Amino acid sequence: MKERSYSIGGYSANVADLLRWDRLHYWHPFTQMAEYEPLIFERAEGCELIDIEGRRYIDGVSSLWCNIHGHRHPRIDAAIAEQLERVAHVTALGASNPTTIVLAKKLVDLAPTGLEHVFFSDDGATAVEVALKMAFQYWRQSSPPRPEKTLYVAFAEAYHGDTLGAVSVGGVERFHGMFRPLLFECRRLPTPDSYRTPSGVRGEEVCQFYLDQLEAVLRAEHLRIAAVVIEPLIQAAAGMIFHPPGFLRGVRELTRRYDVFLIADEVAVGMGRTGRLFACEHEGVVPDFLCLAKGLTGGYLPLAATLTTARVWQAFLGTYAAGKTFFHGHTYTGNPLGAAAALATLRVFEEEKTLDRLPAKAARLAAHLERIRQLPHVGDVRQKGLIAAVELVRDPETKEPYPWEEKRGFLACRRARDFGVWLRPLGNVIVIMPPLSIELDQIDQIGKAVEEGVRFATSW
Ligand SMILES: *Cc1c(COP(=O)(O)O)cnc(C)c1O
């Protein structure tokens, strides 16, 4: 098997070469390379990944929350091939192309009413950077100008990407703490966690408790605050922390009352994940900025979008000499191949009635989660649409976490691989986030694999 030779782009390599070069030359993100055991996926079909030794795994986390309609979807493959016959890339700086224009129009049609202008970039982090900088520049150019509005409000455990602006509003200590000296000022609110709730606060009061904290900051400092940045409904990278129902709506009401922008980072929760195309729809919220990436191209190509309102757009208009231009952009902004993949992804939502078919799949997953909830050391299971999490704890009574160094989540996912399911955890949280095109029997296989993984990882 190890001698099997591949021709890759005209170069040849056998399996042993690939395993060696992967460790030696390819520095992987969020990966301790000293402990890295190569796992090399060579191809995929629908919801299955196939490694270089021919083993098949269900893609239980949608290749890091990106894949929506499965891998090698004929409609998306064809759209990219068709675009290649026209052009792969043209610049968006002072120029355009039909595919990206139509995508902008389509996103505006589908997004919550009032988001009328689309600024493209490449990744989730850049989509957030764009929103942060646009909000900042808006307040300098608004009439009257409010240049003192330079502060951001964000939540503990928030994750908005890894560029420095996104890290400044990020709050995952283990990822971001190191970089504090490089970051700009941000007001940090407690994570609106509906599992680990504040002591003495119960039920309906939990939402109001967190909203009161936001209001206190806004009341004191709204004249200096440019925007509140939030992951709507679910703080994904934090470990799929669910906000109390009604929280997002409350945040929208407060930000409106205090004239502070709301930046909704739907990089993880957008594109149908939660059962609606955009998570904000669940609470009837229209943010001032909506950030999309990950699933936007169905998990095919890097493309991101930051949508905003006419109010923001207007403040940037004027003669060139007036100096109101948004001097920001990335070389591959609005790339037509990415736009073609995104348009095809939206089309498949219509053709396959993806969202209509989701409740049955979510219900099937829920049944497995209820069974898994009964296992010892399962502190919580949570789910919205096809985002689910199983949190392992040392003591379910006190919710005391396992020490992160014990890698319980990792061990559970490692075990799940023996049952043909590939998962990637977040600390002690097992994340289940398959493509929306997953079939019911594949959900059953995931449920079984997670159960085995939990049993294994909590057996000592
Ligand atoms: C993944 C993620 C990002 C960062 O996206 P990249 O494409 O990795 O830069 C930003 N925000 C949220 C909520 C995410 O889940």
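Rule-based calculations on the coordinates, nothing more; no lab input. Computed from a predicted model, the values in this text were never measured in an experiment. Neighbour counts run over all protein chains shown; Cβ positions are idealised from the backbone, glycine included.
Some notes on this structure:
- Here LYS133 is the anchor, and the lysines within straight C-alpha reach of less than 18 Å, apart from those fewer than 8 places off in the same chain, are LYS149, LYS324.
- Cα gyration tensor category, rounded, prolate or oblate, for segment 128-282 with a/c compared to 1.5: rounded
- Those trypsin sites (Lys or Arg not before Pro) in segment 69-108 that DSSP places in a loop and that have at most 13 other beta carbons within 10 Å: ARG72, ARG86
- Cross-link reach is defined here as a Cα-Cα straight distance under 17 Å, omitting same-chain residues fewer than 8 places apart; for LYS353 the aspartates and glutamates meeting it are GLU439.
- Amide H to amide H, with H built 1.01 Å from N, GLU157 comes under 5 Å of GLY171, VAL172, GLU173, counting only residues 5 or more places away or on other chains.
- 12 Å cut-off, amide nitrogen to a point 7 angstrom out along ALA322 Cα→Cβ, residues in segment 221-257: none
- Note that segment 428-436 has calculated 3J(HN,Hα) couplings of 8, 9, 8, 9, 10, 8, x, x, 5 Hz, one per residue in order, obtained from phi through the Karplus relation 6.51 cos²θ - 1.76 cosθ + 1.60 (θ = phi - 60°); glycine and proline are x.
- Centre-to-centre, using Cα atoms only, segment 193-224 and segment 420-453 are separated by 33 Å.
- Averaging Cα coordinates gives a centre for segment 149-172 and one for segment 244-305; these two points are 16 Å apart.
- Our note on the geometry: Cα centres of segment 1-50 and segment 337-388, 29 Å apart.
- A cut-off of 5 Å between modelled amide H atoms, ignoring neighbours fewer than 5 places along the same chain, links ILE52 with ILE40, GLU42.
- Under 5 Å, built H, 5+ apart or other chain: amide partners of ASP380: GLU391
- Relative contact order computed over the chain (Cα-Cα under 8 Å; 6+ residues apart), in percent: 20 percent
- Cross-link partners of LYS407 among aspartates and glutamates, defined as those whose alpha carbon lies under 18 angstrom from its own and excluding same-chain residues fewer than eight positions apart: GLU35, GLU37, GLU173, ASP380, GLU391, ASP395, ASP418, GLU451, GLU452.
- Prolate/oblate/rounded call for the chain, Cα gyration tensor, a/c under 1.5 rounded: oblate
- Mean residue ellipticity, 222 nm, helices only, the chain: the sum of -39500 (n - 2.57) across DSSP H runs of n ≥ 4, divided by residue count and rounded to 500, is -10500 deg cm²/dmol.
- Computed packing ranks the peptides 213-225, 88-100 as 213-225, 88-100, most packed first, by mean other Cβ atoms within 10 Å.
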